[in-house]
Every structure is written in C-alpha cells, then in structure tokens.
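Q: Starting off with a structure, shown below.
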Amino acid sequence: MSYPETYRYTKEHEWVHLDGNHATVGITEHAQHELGDIVFVDLPQPGTQVTKGHTFGSVESVKAVSDIYAPVSGQVLESNELLSKSPEKLNEDPHGDAWLIKISIASDPAEINALMSAGDYQKYVGAE
Amino acid sequence: MINKVSKHIVQNEPLIFERTSPGKRGYQLPELDVPPVDPVQALGAKNVRSEIEDFPEVSEFEVLRHFSRLSTWNYAIDLGLYPLGSCTMKYNPRVNEVVARTEGLAWAHPYQPEHLSQGAMQVIAALEHALGEITGMDAVTLQPAAGAHGEFTGILMIRALLESRGGARSKILVPDSAHGTNPATAMMVGYSVENIKSNDRGVVDLEVLARAVTDDVAALMITNPNTVGVFEENIRKICGILHDKGALVYMDGANMNALVGVARPGDFGVDVMHLNLHKTFSTPHGGGGPGAGAVAVAQVLTPFLPGPRLRRAANGWTWNYDCPQSIGRVRAFYGNFGVLIRALAYILAHGGNGLRQATLDALLNANYLRTLLEPHYQIAYEAPSMHECVFSDDRQAKKGVRTGDIAKRLIDYGFHPYTVSFPLIVRGALMIEPTETESKLELDQFAGAMISIAKEVEDNPELVLKAPHSTRTPRVDEVTAARKPVVRWRPAAAASQAAD
Amino acid sequence: MLDVIGLRSQEDLVSYLPSEVRFNGRLRLENGKSEYEIIDYFKHLADENANGYATFLGAGVYNHYRPVLVDTVVSRGEFLTSYTPYPAEISQGTLTSIFEFQTMVCQLTGMEVANASMYDGSSAVPEAAMMAVRITRRDKILIARSVHPEYGQVLRTYTQHQGIPVEEIKYSKNGRVDLDDLKSKLSEGVAAIIVQTPNFFGILEQLDEISSLAKSKGALLIVVFTEAVALGLIEPPRQADIVAGELQSFAISPSYGGPYAGIIATHEKYMRQLPGRLVGETTDAHGGRAFCLTLATREQHIRREKATSNICTNQALLALMATVFMTIYGKQGLRELAEQNLSKAHYLAAKLPLRFDAPFFNEFVARTNGRSPEQINAALLEHKIIGGLPLGRFYPELDGCMLLCATEMSRRETMDTVAQAFKGGRA
C-alpha cells in the first residue's frame, strides 16, 4: 500500500491534507481494507462544527459500523456527495476521489503537522 | 457422506404481484343486508381513494399454492435440529396451537366486560403465579411483547425505584458478553452504559466489578447462565456488591431454560428479570415473532410494575388501573395473550417435576455435544457448560476457514447453522444450543456433520469456503442489498424509472 | 450419553453449582397434564369468557372475518417453527413473504418503504416519534387527543426519560384535531405531530390542513391508524412523513389484546432511521433473485447502545397472516370489504344520536341520552350482544357517550336490537 507523502495520518486511520486554511479528510487504504465492503457512509452537513478527536460520522460494512474521528477542529465546508450514491468508491480510491469532508480549520496548523507522516503511519499499521 | 438429507424437487414461484391478473379474486363476501352507502357521499370525494395500485389479484387456490411453495424454501425446527445458541429452538407442541385458538379465548376483545373475561384473566393470573414460582420472584407482569421490551420495562422500574429513593443515578453496567439489546435498552431509559470486561474464564471478574460499582451506578444487567453458557458462580457475591452500593441487579433471562427447577434468580439476589416465553416456554418463533417478555420482580419493585394490574376482588378478577407509582403502560392492552396461553399450556403439560427434567435434559444434550466436538473444535472456556456450548474457530482459521463458513457448510448436511460470531468476546464464536427436545440420533448426526466438516477444513477448505452447495438459493449478495437497498417490489416500468 | 460425558447421573450436571444458589425444593406446580386435560382446561376457561356473543366493540381491536386459508398457511411448520431468517440460503420463504408484506404496506399507506413489522400499533407510535426526533434533531412531540388513548400512554412511557416532552392537542366540537389549538402549540422545537385517521372516534382527520401547519414549522407529520380495513377505501395518508399503524384487522384474532402486528412506513430518504427488521432484494451467486435481511447496522446487535431501537424481533407470523389476508381480498376485495363496513356502520349510526358531526368510517360516538352506557350495555348482554365502549373511562368529558363499531360481521337484526336499546324500549 502506498500513502501520499503530503498527507498526515492519525492512529484512528484517518488522513488529512492541508491546503492553507482548508483541510481535506479521508480514511486510509489500511482502514478501508480492514472494514471490507463498505455499504454506507454517514457524513455531517456543511456548516457542522467538528472537534478534534471527536466522532463526526461513520462508515458501515454489512455487519459493522465504525466511527470516524476528526483529526482537526473546524467547520465542515463540504461533504463528499459521491459517497452517498456510491459508497463502494471508498474501497476503490480512499486517498483520492473518495475523500470524506473538507473543513475550514480552527486548529493550529502546527498541530496538524505533528500528526504522523506517511512513513510513520506505515510503520504504525505494520506494527498494529 | 451426508446421510441426513438428499435432493428433491423444489418449486419455483414468482412474487404474488407477478402472479396477478386483473379481475381475479379469492374471496366471497356475504350479501349486504343493509342499504349500500356511497363512499363519496359519506366521506367526501377527496377522502376516497381510486384504487390500491398494483395490489394482488389472484384466486384462492393460487394464494394457497403461492405460500405453500414459499414455505418449502424455509428450514424449520419441525424439519430438524436448529442449534442456534441463545435462541432455544425446541419443539413447539401442537396442542398449544389448538388451545390458543379456543373460540372464547382467541376472539376475546380486550375491552369486553370483565365479568365476561374471567377465563382470559385466569390464564394471566395462572401464568403470573407459575412464573413467580419458577423464578422465585414476588410478582410478574406479562405486558411486554418481547424480551427486549421486557428489558425496557425492567430498567424503567429500576429507574422509578431509584428516583423514589432520591436519585435515578446515571450508569448501567453491562458485561462485554451481553446481548446487544442490553446496552440499547439502557440508552432508551436515559442511562449511559459502561462495559465490564469478562475474565479469562468467561465470567464477570469480581474485582473489576467492585471497582466499577460507584455511587452513580443504577444497575448491573447480567445474563445467567451467561452467553458463553457458563453459570456465573459468584452471582450471590455479585448481587451483594451491587446491593451494598444501593444499586440493583437486572437479570437477562434469555438462558433461563438452563435454570428452571434447578436454581431461582429470586433466591440468589436478582431484583428484576425478564423471561422469553418464546424460548424457555416453547412458544413458536414464527420466523421472528411473536414473542412475549414476562418480567418478574422482587417485592421492592412491585409498586412500579406497568399498569393495569390484575387483582382478585370479591366477585372475581378485575383490572386495577389505580397504580400511582407505575412506570405506565409499555403497550396497549395486557400483553401478547395468545403467546401467554401457549406458555401456560407448556407449563401445565410438564408440571413442576417435568420442567426440572426438561432442564436436565437440555444440559445433558449440550454437554454430550460438547464432549463429542471438543476433540475437533477449540472450546472457548474450560468452565462446565450448561444448556449451550461455545467454541472458537481458532483451529479452522489456520486454514482460512471461519465460523461463518462452517455454519454455511452445515446447511449442506441438513442442519440450520449455530449462532455465528456471538458472543463477541470469543474470537470466531460457534455457539451451539441443542435444547432438550433432540434425540440422541439427531445429536449424533449433528456431531457427525461437524466432525466431517472439521476434516473437510483440513483436506479441502475450498469446499467449505464456497458452501452451501446444495440449497435452492446459494450464497446471496448482502453487500449490494445494503449498498442499493430495494425493500419493496415495483412494476417493471416503475422499477426501471426508480433506478435512473 | 452420560457415559460419553463421564458422568454418573444427570444430577451431576448441576451438582457443581454453589450450594447457596441451588434450588433444593420442588416447584409448587401441579403435576404434568395429558393433552386431553390441557384442552379441557382451556375449554373451561373459554366458557367463563364471552362465547358466541355479537359485538360492537372496536377501539383499536376489530371483529373481522378471518379467511380459513390464513390458518392453513401459518400452521405450516416451515413458517410457524422457523427462527428469524438470518441464513438467507434456507430462509427464502420467510424473506420473500416479508418482502411482499413490506410492499403491500407501502401500497396500502402510500409510503415508499416499510419495515418488517413492529410489536403492535401502540409501540410503533413511540418508535415513530423517536425516529422523528432523530431526523429533525428536535425534541418535542405533539399528539392529538383523538389518537387511541392507550397509544398516547405508551408514548409517554417510552419518552419519559429521553428528554422528549409530549403535549396533547385538543379535539374540536366535531371530533377532529382542533387546528387552532394545534397552531398555538406548534413551535420550531416540535419534532412531530401525531394524529390518527380514522381517529379514535372513527372520524377522518383533515390531513391536508394539519400537514401544511406541520410543514410551516418544519415538523414531521406522523399518521397513525388502528383500523387497517379503512385503507381499502380512504385516500392513503400521503401527507405523512411517517405512518405508524396496527394490522390486527387483517386476519389477526382479537386474542384479548395481542399478539398483533404494528407497522412503520416512511419515505425513502428516512429509510436508515427506521427501527426494526428490513428485508431487501438482491441476487444469489447464480444471478437469481434472492432476498436477505438488510441495513442491519441500524440494529442493536451491531450498534448496541447507538442503535435506532432496542427492538430485535418483528411479528413475522402475524405479518404473514396479514399478507395472506391482503392477498386473498386483493385489490377489489379490500375495497368491497371496506364499503360493507362503511354501509353497516352508517346504517346503525343513522338510528342513534351522534356526538360528533364529521365523516366517519366504521366507528362513531353515540350519546346515550338519559341512560348510562352501562345500562344500555347491560340490556344488550341479555341478547348476547356486547355493546360499545363507554368513553368516560378515557375521556371524562365524554361520560355518557359510547364508541360503537360495525363491521361486515354485524347483522342488520342485531343492529336493530342495539337501536332499540338506545331508545330505552324493550330491546
């Protein structure tokens, strides 16, 4: 599995990509693989406040539900519409088209940079 | 070699909507003996519907054939062992079906005068009494419609009692081996849930529990025997720990069929419990209901029972609606009366000694299977089993075969699967409950099938992974069903439109 | 078998239990009875009940004819003695019939999706209310006083500790929801308005008006029904966001109050908020049509404390009775059945003083002018007729009124006897 170098990663298997004040959040390739066939993605409405470390949505397979945790605090700008019609995209392209939400961040960017790098994350999932 | 089953012809059958032809009918109403009323005049044009679009139109015989054919696609306890752990699939005596249809009982209206309902009220009184005796508890309500509904009723009563003592408290403790209904119920009564980790013997750890029982704990919800089929031997101490802190003990009675006549929750300190009449007392499951969830309580909780309560008056039984401390109604009327009749008939047929013997027979069957299967499957816990035994798929997983695959392969051998992947504390659980009504012949065939599958896992895992091979319907695509839910039929044209 | 296990007697299976928990007494129950004695026991009890009476009771439980085929089908062991249809490969019979049930409930109610059934109508109401609270993220519920009073009581029991306040909406002098009262109580905090049609008094509610009021404040409309036969004739409650009802009328015997089958139906967009079981269509490994339980992640065995409800069963066998009933009557028959009910009830009502003046289906409220409902009912019992439900018990303001129901089972002569009793003459 390859993990984009420009992303940062959490222990809960989310990735975050920072672009100025905006962050894009998704789940990792490792996470989608562990979940199996994803059948439904529950995401917040634009305008919702999310808090770092708190759950903001969930991903469902046929027989399991997993919460997704916000890697940063901020306000949701956009939820990925693609996933409401085609949840299977999250299995196919978790690091790309199947991002989950875009956030206008309230966290200190330094906090985000303190998250795991691609290399660290790869070691982390290797060890898990 | 599969000797329990062989192939036979199964009829195909379309959906009833696809069988329909305009104008066909399967009914005949009596001639109207009053002047016909024009619906438009009586109700107003905008209140009258044109027609029920796409509703079926078939003949009487087609109705019978349609449902008879569908029925042949089901497995059932009538056809063979149904070893679903925790579900207690036992023989449903047919006399119970007959008595539940007795004219004066089946057609009793819940609001008909009390003096013309004495028979129905006696059924309720007799069953309340019998269940009180069996559980050793002080009072019983038969109002809840199912086990989960009973849990809800019981936790509401606990909350009401604690409130009357000054505070509802905030938390319910639930062991990690519990049924999912327990935490869901606690939430519906406004409690948060704290999970209690089981120890390596599969039972509640007294030290862990003692630490968790703080002043804000309202109750512990405990299943006994627990979901791994093991008796919580410290149950008295467990109850003591809760009671010392002013908290209560709720017992999930899903497994009461292991205790009837052998131990009584009321005697060992339980404050409130439910009984699944459709499990322990043999009322038929009917493909998922109806059930009935009687709730038995200790004296201290009786003021909070749902109303109305049955009361003996000078001239017979009467419903008492004056229950000032009651939690209120949990459903309309008095309970799933038709199910109560069947449960009472079961108790009458057995008598006290017969009920105890049924328990011992259930234990015998479960332990017999355990002994036969232990050389081939990893038992989850060494502690003695009661009415069910739980294995893990550890040995088979090494070959890439999981509990769900073994379950599917069992179907080819002519058996319904056991309970798969529950309880969650056992990795890859196989939960097997034979019940007392199975003969040695059926048990031996089942054990033979399980042992044969264990061998197949070694020799030819693919065979197991792709099972079942012999059913009318092979494995179904549950992923697409969940991704693109289609939960009703639509005519072809409308269906293709909906898909756009 | 004991030898195989290595035990000497069956008592050894329990002798290891701590002595302080073992029950050493004998259960104080009678000795086991034979099949004949059991049948005889219940026959005697049935004789102490009303047996062979004509009845004009409705009020949520209706006396309709039960076609013979219903029992033939539900007595098949394959339906009667199977469990919840978890393994789809050997449960297609139950799954297919539930899929048909869900479809017919949609056709009947004008909704897009329906679940596999609930315990009964009364518990479907709070489940629908909780669903509305989840959807709107508001908390308050308004319920019409003209909804079955026991359903209202159940709603209050369910909501009391969930931070869901419940307020009642009055009925107006014609027995319908008082729109002014509704307007005054409707606020931005209201999650749903619950009304019943035909309501407890048998009267059709003004759903268009109620629905536009609900919409104006962003509240959902929950429409309840207890008399499913009405849906053969009346316009389905398309204005509803959620329909919660009771199918007892469809071949489920009154059985002193249960078991029955409740339903919840709604729009597709709310499907994931439905409580209870759902069956969905899919394909099998050979590409054929097949059915399975679906969207299980809403349910307690997966989501545990975050589930949409703690419910873990449906009423499959009763839903099957209703399905067979709907199939036997079909499109034409259900209409004809409903028209007969309408005609009979209006025949009787025309002879009695009515309390309300609004369109009704097969139930209505009559005044008993001077005599008490109990006196009239006592006179009728002498003719082996059970009269209507005295309403004072539920509605103190309607003391001296009774709720009567006529169905296709009500005979003209019997109805004439009831009319006589109201007049106070020798019935």
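The values are calculated or read from the model by the stated rules, or taken from the named source; none is laboratory data. The shown structure was predicted, so the numbers you read here are calculated from the model rather than taken from an experiment. FYI the Cβ positions are ideal-geometry reconstructions off the backbone, even for glycines, and counts take in every protein chain you see. When the accessible area is computed, the model is the full protein with side chains, heavy atoms only, and any ligands, DNA or RNA have been set aside. Shrake-Rupley method; radii C 1.70, N 1.55, O 1.52, S 1.80 Å.
Q: Specify which residue in the list C:MET321, C:THR84, C:SER249 is farthest towards the positive end of the charge dipole of the stretch C:69-324, using unit charges on the beta carbon of Lys, Arg (+1) and Asp, Glu (-1), about the Cα centre.
A: Comparing the listed Cα positions along the dipole, C:THR84 ranks first.
Q: Given a Förster radius of 25 Å and the C-beta distance between A:ALA106 and C:ARG134 as r, what FRET efficiency does 1/(1 + (r/R0)^6) yield to the nearest 0.05? Write out the running numbers ahead of the final one.
A: Details: r = 27 Å, r/R0 = 1.09.
The calculated FRET efficiency here is 0.35.
Q: Along the positive direction of the dipole of the protein assembly as shown (beta-carbon charges: Lys, Arg +1; Asp, Glu -1; about the Cα centre), which of C:GLY175, B:THR480, A:SER2 reaches farthest?
A: C:GLY175
Q: Enter the accessible area per residue of the protein assembly as shown (Å², integer; probe 1.4 Å; all protein chains in place). Before the final figure, lay out each step's value.
A: Values: 36990 Å² over 1055 residues.
Per-residue value: 35 Å².
Q: Here's something else I'd like to know. Any idea what log10 I(q)/I(0) is at q = 0.14 Å⁻¹ for chain C, Debye with uniform C-alpha scatterers and no solvent?
A: At q = 0.14 Å⁻¹ the computed log10 ratios are -1.28.
Q: In whole percent, how big is the carbon plus sulfur part of the accessible area of the stretch B:190-284, probe 1.4 Å, protein atoms only? Could the numbers behind the result be given before it?
A: On the way: 1090 of 2530 Å².
After summing per-atom areas, the C and S share lands at 43 percent.
Q: Something else about it: For n ≥ 4 DSSP H runs only, could you compute -39500 (n - 2.57) per run for the protein assembly as shown, divide by its residues and tell me the 222 nm figure to the nearest 500?
A: So the calculated ellipticity at 222 nm is -10000 deg cm²/dmol.
Q: Return the loop-located GluC sites (Glu not before Pro) in the stretch C:1-110 (DSSP other than H, G, I, E, B) with at most 15 other Cβ atoms within 10 Å of their own Cβ; answer none if there are none.
A: Details: sites: C:GLU11, C:GLU20, C:GLU30, C:GLU35, C:GLU37, C:GLU48, C:GLU78, C:GLU89, C:GLU100; in loops: C:GLU20, C:GLU30, C:GLU48.
For GluC sites (Glu not before Pro) across the stretch C:1-110 that sit outside H, G, I, E and B with at most 15 neighbouring Cβ atoms in 10 Å, the list reads C:GLU20, C:GLU30.
Q: I'd like the carbon and sulfur percentage of the solvent accessible area for the stretch A:62-128, probe radius 1.4 Å, heavy atoms only, ligands and nucleic acids excluded. The partial results should precede the final answer.
A: On the way: 1550 of 3230 Å².
Summing carbon and sulfur atoms, their accessible area is 48 percent of the total for the stretch A:62-128.
Q: Using only protein heavy atoms and a 1.4 Å probe, report how much of B:LYS24 is accessible, in Å² to the nearest 10.
A: 80 Å²
Q: Among A:TRP99, A:TRP15, B:TRP107, what's the order by accessible area (1.4 angstrom probe), most exposed first?
A: Working: A:TRP99 40, A:TRP15 5, B:TRP107 80 Å².
If we order A:TRP99, A:TRP15, B:TRP107 from most to least accessible, we get B:TRP107, A:TRP99, A:TRP15.
Q: Please tell me which of these pairs span more than 32 angstrom C-alpha to C-alpha: B:LYS399/C:LYS306; C:LYS306/C:LYS331; B:LYS46/C:LYS170; B:LYS197/B:LYS399; B:LYS46/C:LYS183; A:LYS123/B:LYS171?
A: Working: B:LYS399/C:LYS306 35 Å; C:LYS306/C:LYS331 40 Å; B:LYS46/C:LYS170 24 Å; B:LYS197/B:LYS399 30 Å; B:LYS46/C:LYS183 23 Å; A:LYS123/B:LYS171 39 Å.
Beyond 32 Å between Cα atoms: B:LYS399/C:LYS306; C:LYS306/C:LYS331; A:LYS123/B:LYS171.
Q: Now for a separate question. Of C:THR159, C:ILE234, C:PRO259, which is farthest along the charge dipole of the stretch C:69-324 in the positive direction, counting Lys and Arg as +1 and Asp and Glu as -1 at C-beta?
A: It is C:THR159, whose Cα lies furthest towards the positive end.
Q: OK, next. Quick one: dipole size for chain C, taken about the Cα centre, charges +1 on Lys/Arg Cβ and -1 on Asp/Glu Cβ, in debye to the nearest 20.
A: Numbers: 43 positive and 48 negative charges, 176 e Å.
Charge dipole, chain C, about its Cα centre: 840 debye, nearest 20.
Q: Evaluate E = 1/(1 + (r/R0)^6) for C:ARG22 and B:MET1, where r is the Cβ-Cβ distance and R0 equals 45 Å; express this FRET efficiency to the nearest 0.05.
A: Details: r = 44 Å, r/R0 = 0.97.
The pair C:ARG22/B:MET1 has a calculated efficiency of 0.55.
Q: Determine the shielding of peptide C:36-44 by partner chains: average, over its residues, the number of Cβ atoms on other chains within 10 angstrom of each Cβ. Don't jump to the answer; show the numbers that get you there.
A: Numbers: counts 1, 2, 10, 5, 1, 8, 15, 6, 4.
Mean partner-chain Cβ count within 10 Å for C:36-44: 6.
Q: Next up: Just list whichever of B:LYS279/B:LYS466; B:LYS7/B:LYS408; B:LYS279/C:LYS269 have alpha carbons separated by over 26 Å in the model shown. Working shown, then result.
A: Numbers: B:LYS279/B:LYS466 32 Å; B:LYS7/B:LYS408 17 Å; B:LYS279/C:LYS269 36 Å.
Distance filter (> 26 Å) returns B:LYS279/B:LYS466; B:LYS279/C:LYS269.
Q: If you don't mind, there's one more thing I want to ask. Compute the relative contact order of chain C as a whole-number percentage, counting only Cα pairs closer than 8 Å that sit 6 or more residues apart in sequence. Each step should come with its number before you reach the end.
A: Details: 802 pairs, mean separation 86.8, N = 427.
Across chain C, relative contact order equals 20 percent.
Q: When the accessible area of the stretch B:1-154 is split by element with a 1.4 Å probe, what percent falls to carbon and sulfur?
A: Numbers: 3230 of 6100 Å².
Of all accessible area on the stretch B:1-154, carbon and sulfur atoms account for 53 percent.
Q: Going highest first, how would you order C:332-338, C:92-98 by mean Cβ packing within 10 Å? Working shown, then result.
A: Working: C:332-338: 21.7, C:92-98: 28.0.
My ranking of the peptides, most packed first, is C:92-98, C:332-338.
Q: On to the next question. Over the heavy atoms of C:ARG138, what accessible area does a 1.4 Å probe trace out, to the nearest 10 Å²?
A: Approximately 50 Å² of C:ARG138 is accessible to the 1.4 Å probe.
Q: Using a 1.4 angstrom probe and counting only protein chains, how large is the accessible area of B:LYS440 in Å², to 10?
A: Roll a 1.4 Å probe over it and B:LYS440 shows about 100 Å².
Q: What are the extents of the Cα atoms of the protein assembly as shown along their three principal axes, in Å, largest first?
A: That gives 93, 76, 66 Å along the principal axes, largest extent first.
Q: Please report, in debye to the nearest 20, how large the charge dipole of the stretch C:329-423 is about its Cα centre when each Lys and Arg carries +1 at its beta carbon and each Asp and Glu carries -1 there. Walk me through the numbers on the way to the answer.
A: Values: 12 positive and 11 negative charges, 25 e Å.
So the dipole magnitude of the stretch C:329-423 works out to roughly 120 debye.
Q: Rank these by accessible area, largest first, 1.4 Å probe: C:GLU205, B:GLU114, A:GLU12. Walk me through the intermediate numbers first.
A: Working: C:GLU205 10, B:GLU114 65, A:GLU12 100 Å².
Putting C:GLU205, B:GLU114, A:GLU12 in descending order of accessible area: A:GLU12, B:GLU114, C:GLU205.
Q: Next up: Using only the Cα atoms of the stretch C:69-324, build the gyration tensor, take square roots of its eigenvalues as a ≥ b ≥ c, and label the shape rounded, prolate or oblate: rounded if a/c is under 1.5, else prolate if a/b is larger than b/c, else oblate. Don't skip to the answer; put the middle values down first.
A: On the way: a/c = 2.00, a/b = 1.56, b/c = 1.28.
In terms of gyration-tensor shape, prolate.
Q: Further question on the same structure: Hey, what did the stretch C:240-358 get for relative contact order, percent, Cα under 8 Å, at least 6 apart?
A: Numbers: 117 pairs, mean separation 24.9, N = 119.
Reported as a whole number, the value is 21 percent.
Q: Peptide B:248-254: average number of partner chain Cβ atoms within 10 Å per residue? The partial results should precede the final answer.
A: Working: counts 0, 0, 0, 0, 0, 0, 0.
Counting other chains' Cβ atoms within 10 Å and averaging over B:248-254 gives 0.
Q: For A:32-40, what's the mean count of beta carbons from other chains sitting within 10 Å of each residue's beta carbon?
A: Mean shielding count: 3.
Q: Further question on the same structure: Counting DSSP beta bridges with both partners in the stretch C:132-279, what percentage is antiparallel, nearest 5? Before the final figure, lay out the partial values.
A: Numbers: 6 of 23 bridges.
Taking every DSSP beta bridge with both residues in the stretch C:132-279, the antiparallel ones total about 25 percent.
Q: Any idea how far apart C:SER75 and C:GLU397 come out in nm if each label point goes 7 Å out from Cα toward Cβ?
A: Between C:SER75 and C:GLU397, the simple spin-label model gives 4.9 nm.
Q: To continue, here is another question. So for B:GLU133, A:GLU111, C:GLU374, A:GLU88, what's the accessible-area order with a 1.4 Å probe, most first?
A: Numbers: B:GLU133 15, A:GLU111 80, C:GLU374 105, A:GLU88 45 Å².
From most exposed to least exposed: C:GLU374, A:GLU111, A:GLU88, B:GLU133.
Q: Using Cα positions and a limit of under 12 Å, work out the aspartates and glutamates in reach of A:LYS102, with same-chain residues fewer than 8 apart set aside.
A: A:ASP19, A:GLU78, A:GLU81
Q: Using only protein heavy atoms and a 1.4 angstrom probe, determine the accessible area buried between C and B, summed over both sides, in Å² to the nearest 100.
A: On the way: alone 22050 and 25320 Å², together 31380 Å².
Heavy-atom accessible area buried at this interface is about 16000 Å².
Q: Over the stretch B:74-471, what is the relative contact order in whole percent, taking alpha-carbon pairs under 8 Å and six or more residues apart?
A: On the way: 814 pairs, mean separation 89.8, N = 398.
Rounded, it is 23 percent for the stretch B:74-471.
Q: Kindly state, to the nearest 0.05, the FRET efficiency for A:HIS33 paired with B:VAL10, given R0 = 35 Å and r defined as their beta-carbon distance. Walk me through the numbers before you get to the answer.
A: Numbers: r = 39 Å, r/R0 = 1.11.
Computed FRET efficiency for A:HIS33 and B:VAL10 comes out at 0.35.
Q: Say each of B:LYS484 and C:SER216 gets a label point 7 Å from the Cα, pointing the same way as Cα to Cβ; how far apart are those two points in nm?
A: With each label point 7 Å from Cα toward Cβ, the separation is 4.3 nm.
Q: Let me ask something else. Tell me the label-point distance for the pair C:ARG238, B:SER439, using the 7 Å Cα-to-Cβ offset, in nm and rounded to one decimal.
A: 5.9 nm
Q: Using 12 Å as the cut-off for backbone N distance, which residues of the stretch A:25-39 belong to the label zone defined by a point 7 Å from the Cα of A:ASP67 along Cα→Cβ?
A: none
Q: Something else now. Using a simple charge model, +1 on the beta-carbon of Lys and Arg, -1 on the beta-carbon of Asp and Glu, nothing else, what dipole does the stretch C:69-324 show about its Cα centre, in debye to the nearest 20?
A: Working: 23 positive and 27 negative charges, 151 e Å.
It works out to roughly 720 debye.
Q: Going by a ≥ b ≥ c, the root eigenvalues of the Cα gyration tensor, does chain B fall in the rounded group (a/c under 1.5), the prolate group (a/b larger than b/c) or the oblate group?
A: Values: a/c = 1.65, a/b = 1.06, b/c = 1.56.
Oblate shape, in that a/c is at least 1.5 and b/c is the bigger or equal ratio.
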